[in-house]
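The values are calculated or read from the model by the stated rules, or taken from the named source; none is laboratory data. None of the values given here were measured: they were computed from a predicted structure. Note: ideal-geometry Cβ built from the backbone for every residue, glycine included; neighbour counts use all protein chains shown.
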Amino acid sequence: MKQSIKSFVRARNRLSKINRNLLNQSPIDSFCRVEHFNGFDLSQSKQKRILEIGFGDGENLILSALDNPEASYYGIEVYEMGVANILKAIECKEISNANIILGDAIEVLEKNSVEDYFDEILIFFPDPWPKRKHNKRRLISKIFLYDIKKILKNDGVLIIKTDWQEYADEIEQNLKKTFEGYKKSVDKKSNLATKYEKIALKEKRLVTRFETF
């Protein structure tokens with residue numbers, strides 16, 4: 001299914017020359033831009049595969065990849081600064097099980113034809129676009145969830161977190177229409193919190209967690 005509305009707005013370019021060169025001439029084979037993406041690689045081993053959509057500064061993905069070298073990690077991020085930062089970390093820490101795509105997740109899924117691929121898909125703190133006139137830009141629509149379901153294995157798990165209650169309500173309604181079942185809980189602490197989760201917990205905002213089954 002095609003979703004024409006973008007779920008992001010690009011900020012003015014503030015990349016340093018070093019970061020710009022890193023994105024344009026990355027020595028990391030497992031990195032690509034969305035315009036060069038032709039689908040997830042079926043030739044890779046059938047080990048556990050985890051996808052994080054919107055990884056931000058990449059801290060969660062990097063720590064997870066280091067802790068679980070037997071698994072393959074994939075990350076999609078639309079903002080260049082976050083991608084540049086994670087590419088530097090991958091090179092510095094010599095991580096070989098992380099695959100990075102620079103681009104809009106909606107476009108990535110539209111270009112992909114591979115199904116039944118991921119064991120876990122993580123979407124942590126997607127932009128809530130709180131103004132009503134911007135609600136249509138929210139990433140987690142019913143169409144998007146149908147595309148997510150296609151790339152998730154039959155016994156795979158989708159985990160979503162948000163600290164925006166009205167968005168949580170909308171996500172729940174869309175999950176009801178697309179997945180057979182899900183668990184809903186409130187996270188009051190996290191052993192591996194992302195940047196935005198740490199902020200939410202520090203400011204005592206409720207973090208709603210959805211996990212499909």
- Query: In segment 80-96, what count of residues is obtained for those that are in a loop (DSSP other than H, G, I, E, B) and either within 21 Å of Asp41 (Cβ to Cβ) or modelled with pLDDT under 95 (or both)?
  - Reply: 3
- Note on the structure: Residue set Asn99, Asn135, Asn154; condition surrounded by 20 or more Cβ atoms within 10 Å (Cβ to Cβ), outside any loop (DSSP other than H, G, I, E, B) and either not assigned by TED's automatic domain parsing to the domain that holds Leu22 or not aromatic (Phe, Trp, Tyr) (or both); output residue Asn99
- Task: Go through Ile123, Ile95, Ile53 for me and flag whichever is of a type in the set (A, V, I, L, M), in contact (Cβ under 8 Å) with a residue 60 or more places away in the chain and in contact with a Pro (Cβ under 9 Å, 6 or more places away or on another chain).
- Result: Ile53
- Criterion (buried (at least 16 other Cβ atoms within 10 Å of the Cβ), within 18 Å of the chain's Cα centre (by Cα), at pLDDT below 85 and not assigned by TED's automatic domain parsing to the domain that holds Ser141) met by exactly one of Ser7, Ser72: Ser7
- Message: Looking at segment 111-118, can you tell me whether even one residue there is more than 27 Å from Thr208 (Cβ to Cβ), among the small types (Gly, Ala, Ser) and surrounded by 18 or more Cβ atoms within 10 Å (Cβ to Cβ)?
- Response: no
- Task: Name, by its number, the condition in (1) in a strand (DSSP E or B); (2) surrounded by 13 or more Cβ atoms within 10 Å (Cβ to Cβ) that does not hold for Val186.
- Result: (2)
- Task: Scan segment 99-133 for residues that are of a type in the set (Gly, Ala, Ser) and under 25 Å from Val207 (Cβ atoms) and report the count.
- Result: 1
- Among residues of segment 60-92 being free of Cβ contacts under 8 Å to residues at least 40 places away in the same chain and acidic (Asp, Glu), the residue nearest to Cys32 (Cα to Cα) is Glu77
- Confirm whether Val207 is farther than 24 Å from Asp104 by Cβ and of a type in the set (A, V, I, L, M). yes
- So Glu59, is it within 25 Å of Arg138 (Cβ to Cβ) and crowded, with 17+ Cβ neighbours inside 10 Å: yes
- Message: Tell me yes or no: at least one residue of segment 196-212 is surrounded by fewer than 13 Cβ atoms within 10 Å (Cβ to Cβ) and assigned to a helix (DSSP H, G or I).
- Response: yes
- Confirm whether Asp163 is touching a residue at least 40 places away in the same chain (Cβ under 8 Å), surrounded by fewer than 19 Cβ atoms within 10 Å (Cβ to Cβ) and touching a Leu at 6+ places or on another chain (Cβ under 9 Å). no
